[in-house]
Amino acid sequence: MVEIDWLNLDGAYADRESSITVGVFDGLHLGHRTLIDRVVHSGWMPVVVTFQRHPSERLLHDDIPGYIMSLRQKRAMLRDMGVEVVVQVDFTEEFRSMPGVAFLRRLDSSFHIRRMVVGHDFRCGYELDTNTDTIGAYFARRDVEVIPVDPRTVGGVAVSSTLIRTRICEGELGTARELLGRPYVLDVTDEEIERDDQRLYIVKSPRGLLPESRQLVPPSGVYPAEFIGDRGAYRAELEIGENSLSWPLAVDESIRYIVPHQAGIESKELSECP
């Protein structure tokens, strides 16, 4: 999978027939994967345009809602889904002020677009000036198939990143797993793991997130969990307190992922975790 910075798009793929989708894609939940599958299975080069950080991190600074997945997890999952090119956008003030048509024009000059897949309520551009109708009108004379996709539902409820964040913050990890289509996984690869005489632990950020990945941490409590590292997988209890996450010393310090589970919810097989 090739990753390209938005500012470095140079027309190198202008002759490649491509299928494109655009979005933040935090969590890559069932709804996101419906969009991306329509791109990957199009028969053309699959391209995903996404953001290095959630736009709210630029707009709200420290008042961001927290992430469902780390950038490392996101990259790995896009690659595993069959995406060939990922365009990474930094949501700067310059990008924020770009009209939607200018955004489409830049994509149009960088790829030979044959299909564009977006959510039914997708909007882009300065003050969200461009919607699916505008996109359809722009590409009408270019033989580009514009596909608005209805939201994916689970139990009659539309799947969204906002809903999943809410469920994680409420400790409803079983419901979050249903909406994601997989367990919620904390990426602690880059986190500083400390130890005392009894336990290993990670100190949470002042906003209650993992300090490096800025992923959401479930509410305080004791969770059955899977700890996955370079030397294998362990099952133990994860204790989440007001200021930290901690677990027994018997778990290897080289862990990379923690999979907390809601009490009473059967764990998925380890092979289904990152």
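The values are calculated or read from the model by the stated rules, or taken from the named source; none is laboratory data. Please read these numbers as outputs of a predicted model, since none were measured by experiment. Glycine also receives a Cβ, built like all others from the backbone with ideal geometry; neighbour counts cover every protein chain displayed.
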### Task
Select from the stretch 166-187 the residues that are closer than 16 Å to residue 29 by Cα and not in a loop (DSSP other than H, G, I, E, B) and list them in ascending order.
166, 167, 168, 173, 174, 175, 176, 177, 178, 179, 180, 186
### Task
Scan the stretch 106-128 residue by residue and report those that are surrounded by 13 or more Cβ atoms within 10 Å (Cβ to Cβ) and out of contact with any strand residue (DSSP E or B) (no Cβ under 8 Å at 6 or more places or on another chain).
106, 108, 125, 126
#### Entry: Checklist (1) in a helix (DSSP H, G or I); (2) touching a residue at least 24 places away in the same chain (Cβ under 8 Å); (3) surrounded by fewer than 14 Cβ atoms within 10 Å (Cβ to Cβ) applied to residue 137, failing item
(2)
### Query
Among the listed residues 87, 83, which satisfies the condition of being part of a strand (DSSP E or B), β-branched (Val, Ile, Thr), closer than 23 Å to residue 135 by Cβ and outside the structural domain of residue 189 (by TED's automatic domain parsing)?
87
### Task
Return yes or no: is residue 39 part of a helix (DSSP H, G or I), surrounded by 17 or more Cβ atoms within 10 Å (Cβ to Cβ), of a type in the set (Val, Ile, Thr) and modelled with pLDDT of 95 or more?
yes
### Summary
Selection from the stretch 188-229 of residues assigned to a strand (DSSP E or B) and either over 22 Å from the mean Cα position of the chain (by Cα) or in the same structural domain as residue 53 (by TED's automatic domain parsing) (or both) yields 194, 195, 199, 200, 201, 202, 203, 221, 222, 223, 224
### Scan of the stretch 241-254 for residues that are in a strand (DSSP E or B), surrounded by fewer than 21 Cβ atoms within 10 Å (Cβ to Cβ) and of a type in the set (A, V, I, L, M), ordered by number
none
### Query
Got a sec? Which of 146, 118 is assigned by TED's automatic domain parsing to the domain that holds residue 49, in a strand (DSSP E or B) and within 17 Å of the chain's Cα centre (by Cα)?
118
